[in-house]
Amino acid sequence: MIAIIGAGKMGEALLAGLLAKGHAPQVVLVAEPRVEHAEELRDRYGIEVVLAEEAAKRANTLLLALKPQDLPDLLTDIGHHVDPETLVISVAAGLTTGALEERVPRRTPVVRAMPNTPALMGKGMTAVAAGRYAAPAHLDRAEELLGAVGEVLRIDERHMDTVTAISGSGPAYFYYIAETMIEAGVAMGMPRATAQKLVGQTMNGAATMLDGTGEHPVVLRENVTSPGGTTAAALRELERHGVRTAFTDAIEAARDRSRALSEG
């Protein structure tokens, strides 16, 4: 039995992904405190909605999709109901496996995961890290479940703050660039809808090439950049304004903030 505690955007994305991958509604429980939303989930997906305590008792895999600030108190309340054989998977940013292990029975396998918002479209990137008592089989199970909403990569937990900065926060950086490009097009007289379509498909195509060709981004960039051409002029301006350094500093700031949250 799989139980998802917390059915916000990420929790519901995981629910929808699991069902789409062939998991029967009868083997998925959801704990969602908002009564109206719980009823919507029951009607939409045909799953059983229960209290968090009951979910903890019945599940052999527990997916925790709550906000980081809410999860410690919830685990303090329900942790003693978790069977030590239950696999606990957390997608809450900033909470270490050690912090989670303190709130469940000793030797409970815990896996920490960091998905990103494209999971809502089945295109997510999720990194997973094993806690002290999680065996390779537990990571296999976590990868199978989280693979329902995109790609999954196994990492050492010491890299999780960097993952948060790169892929967890990463979509926001791309939206920031997209916003800037769209606004530039509008400022030059282009209809907003046209600019957004051009930018969206350009970014989608560029991402597909980066992922699909296996080429280093430098090679892909150089393939677009003719000597003395329009792209070269644009890139020269980006370098003049220190955009590369700004992005590096931004990612380091996100990593440091994630680290601070992890340390409480």
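Checking the conditions here, which among THR164, THR208 is within 23 Å of SER262 (Cβ to Cβ) and among the hydroxyl-bearing types (Ser, Thr, Tyr)?
After ruling out the rest, the residue left standing is THR164.
Which residues, counting only those in segment 88-127, are over 10 Å from the mean Cα position of the chain (by Cα) and among the aliphatic types (A, V, I, L, M)?
Listed by number, the residues that qualify are VAL88, ILE89, LEU95, ALA99, LEU100, VAL104, VAL110, VAL111, MET121.
List every residue pair whose Cβ atoms lie under 9 Å apart, where the two residues are 6 or more positions apart in sequence or sit on different chains, the first residue falls within segment 167-191 and is closer than 17 Å to PRO115 by Cα, and the second residue, located anywhere, is assigned to a loop (DSSP other than H, G, I, E, B).
Filtered contacts from segment 167-191: SER167/PRO115; SER167/ASN116; GLY168/ALA93; GLY168/PRO115; GLY168/ASN116; SER169/ASN116; GLY170/ASN116; PRO171/ASN116.
Of the residues ALA142, ALA206, which single one is at pLDDT 95 or above, assigned to a helix (DSSP H, G or I), open to solvent by less than 70 Å² (accessible area, probe 1.4 Å) and under 25 Å from GLY17 (Cα atoms)?
ALA142
Is it fair to say ARG244 is open to solvent by 60 Å² or more (accessible area, probe 1.4 Å), assigned to a helix (DSSP H, G or I) and more than 26 Å from GLY94 (Cα to Cα)?
In short, yes.
With ILE78, ILE2, ILE89 as the choices, which residue is over 22 Å from MET114 (Cα atoms), buried (at least 19 other Cβ atoms within 10 Å of the Cβ) and touching a helix residue (DSSP H, G or I) at 6+ places or on another chain (Cβ under 9 Å)?
ILE78
Could you please give the count of residues in segment 179-193 that are among the β-branched types (Val, Ile, Thr) and under 16 Å from MET203 (Cβ atoms)?
2
Among the residues of segment 145-164, which ones are of a type outside the set (Val, Ile, Thr), part of a helix (DSSP H, G or I) and surrounded by fewer than 21 Cβ atoms within 10 Å (Cβ to Cβ)?
Result: GLY147, GLU157, ARG158, HIS159.
Looking at this structure, is GLU40 of a type in the set (Asp, Glu) and open to solvent by 40 Å² or more (accessible area, probe 1.4 Å)?
Considered against the rule, which asks whether it is of a type in the set (Asp, Glu) and open to solvent by 40 Å² or more (accessible area, probe 1.4 Å), GLU40 comes out as yes.
The values are calculated or read from the model by the stated rules, or taken from the named source; none is laboratory data. Keep in mind that what you see is a predicted model, and the values were worked out from it rather than measured. Quick reminder, even Gly has a Cβ in these numbers, built from the backbone with ideal geometry, and neighbours come from all protein chains shown. For accessibility, only protein heavy atoms count, side chains too; no ligands or nucleic acids. Shrake-Rupley method; radii C 1.70, N 1.55, O 1.52, S 1.80 Å.
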